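Before any comments, here is the structure.
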Amino acid sequence: MTPVAFVKAITEAYALYGRSPEAALREARIAPESVADPAARVTAEQFETLSGFAMRELDDEALGWFSRRLPWGSHGLLCRASVTAPDLGVALKRWCRCHGLLTEDIRLALTVKAGRATLVLEERRVPAHLREFCLVSVLRMVHGFACWLIDSRIPLDDLAFPFAEPPHAASYRAMFPGEARFGAGSAGFAFDADYLALAPVRDEAATRAMLQKALLLTVLQYKRDRLLVDRVKSLLKAHMRTPASTAGLPNAEMLAQALAISSRTLHRQLREEGASLQQIKDDARREQAIDLMRRTSRPLKQIAHLAGFRNEKSFSRAFRDWTGVPPGAFQRG
């Protein structure tokens, strides 16, 4: 569900152009009186219909955010300029550079540091009454295109906005795959830089088809995560490296919570990637155990604990299955 605040912002864009939003609201089947109700919501389909109709009727894909129009087709140019990039990192840099050619009222920049990619939106001239709608829409379009380009959900580990928390803040959880932080110094988001190395899986034909329903990129979230297996492995390894961690590895519910998805989705997406949570756990335990036995002279009981086993007996049985020899013999050798 989309908060009516964004519907109201579109009606204000009509006011800027001295036009009536009546036809757009009718096309989207939104009652005009609901626009004045702060608690009202519309569906993703209604909002997509409203936005698309307004952008065509006003011939402005920015819907009044900037000092000059972005004529219908402007975001299509951004998509076509980026889709031929060799990887997502280059694609996003092209998007940022080309967006600057369309308007100077905001600037987008991508930086990478310590394995973390950050996209920052710098405001230069945005109307105060359209500020939230502008910043949210621009970031959702960039993120939606990035996910579509590599056919993967890109979780956000920091999502920031420079305005106060709005009454409809809960809706942000449906709009972005990450918790929003308000009152920040600038707008933007951060994510694992490993996604930047993924190659696009779309071409010009796919781009033409996508542009027929491009607004869906901003109203629906991707579910599939192409780096899900790697992210689960990283969480398990981080857990085993924590000195205070208890014996045993995190269960599906704990991992799903850390990944901001449901445990059912976790299992389903792992199956789609040809993996299982149990196999990933077994691999993580094996790598941890063998690494500890090669690098340290710790007692087997302690190694079993650090590798996520509840007792030495179950560890010994698993280790023999992995290597064909008991852990004691492996350690002595």
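Taken together, the values in this text are just the output of simple stated rules run on the coordinates, not laboratory data. Source: prediction; values computed, not measured. Glycine also receives a Cβ, built like all others from the backbone with ideal geometry; neighbour counts cover every protein chain displayed.
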### Query
Any idea how far apart E312 and A169 come out in nm if each label point goes 7 Å out from Cα toward Cβ?
5.2 nm
### Message
If I model a spin label as a point 7 Å beyond the Cα along the Cα-Cβ vector, how far apart are those points for R231 and A44 in nm?
### Response
1.7 nm
### Query
Which whole-angstrom value gives the distance between the alpha carbon centres of the stretch 254-333 and the stretch 109-177?
37 Å
### Query
If you place +1 on the Cβ of every Lys and Arg and -1 on the Cβ of every Asp and Glu, how big does the dipole about the Cα centre of the stretch 265-333 come out, in debye to the nearest 20?
340 debye
### Message
Taking 0.36 nm per residue of sequence separation and subtracting the Cα-Cα distance, how much length would be gained by fully extending the chain between S186 and A128, in nm to one decimal?
### Response
19.4 nm
### Query
If you average the sequence gap of Cα pairs under 8 Å that are 6 or more apart and divide by the length of the stretch 102-152, what percent do you get for the contact order?
26 percent
### Summary
So the FRET efficiency between A199 and V112, C-beta based with R0 = 22 Å and rounded to 0.05, is 0.80
## Note on the structure
Which of R285, R26, R41 fluctuates most in a GNM of the chain (C-alpha springs under 10 Å)? That residue is R26
### Selected from A307, A31, A169 as most flexible by GNM, with the chain as the system and alpha-carbon contacts under 10 Å
A31
### Message
List the lysines whose Cα sits under 27 Å from the Cα of K281, skipping any in the same chain fewer than 8 residues away.
### Response
K223, K233, K237, K301, K313
### Task
Considering the options A307, V138, M240, tell which one lies farthest towards the positive end of the dipole of the chain, charges being +1 on Lys and Arg and -1 on Asp and Glu at the Cβ, about the Cα centre.
A307
## Note on the structure
Answer in debye to the nearest 20: the dipole magnitude of the stretch 227-294 about its Cα centre, from +1 Lys/Arg and -1 Asp/Glu charges placed on Cβ, is 80 debye
## Note on the structure
Projected onto the charge dipole of the chain (unit charges on the beta-carbon of Lys, Arg, Asp and Glu, signs +1, +1, -1, -1), the Cα from A206, L16, A190 with the largest positive-side position is that of A190
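Determine the gain in length on full extension of the stretch A36-L16; use 0.36 nm per residue of separation and subtract their C-alpha separation, reporting nm with one decimal.
5.4 nm
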### Mean Cα-pair separation over length for the chain, i.e. relative contact order, pairs under 8 Å, 6 or more apart, %
13 percent
### Task
With a point put 7 Å past each Cα toward its Cβ, work out how far D105 is from D59 in nm, to one decimal.
1.7 nm
### Message
Rg over Rh of the chain, using C-alpha atoms and the Kirkwood radius, what does it come to?
### Response
1.09
### Message
Among R29, R56, R294, which one shows the highest mean-square fluctuation when the chain is modelled as a Gaussian network with alpha-carbon springs under 10 Å?
### Response
R294
### Task
Only loop residues by DSSP count here, and only those with at most 11 other Cβ atoms within 10 Å; note down the GluC sites (Glu not before Pro) in the stretch 224-333 that meet that.
none
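Between D321 and D158, how high is the FRET efficiency from 1/(1 + (r/R0)^6) when r is the Cβ-Cβ distance and R₀ = 51 Å? Nearest 0.05.
0.80
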### Convex hull (Cα only) mean projected area of the stretch 1-111, reported in nm² to one decimal
7.9 nm²
#### Entry: Check: the chain dipole with +1 on Lys, Arg Cβ and -1 on Asp, Glu Cβ, in debye
1540 debye
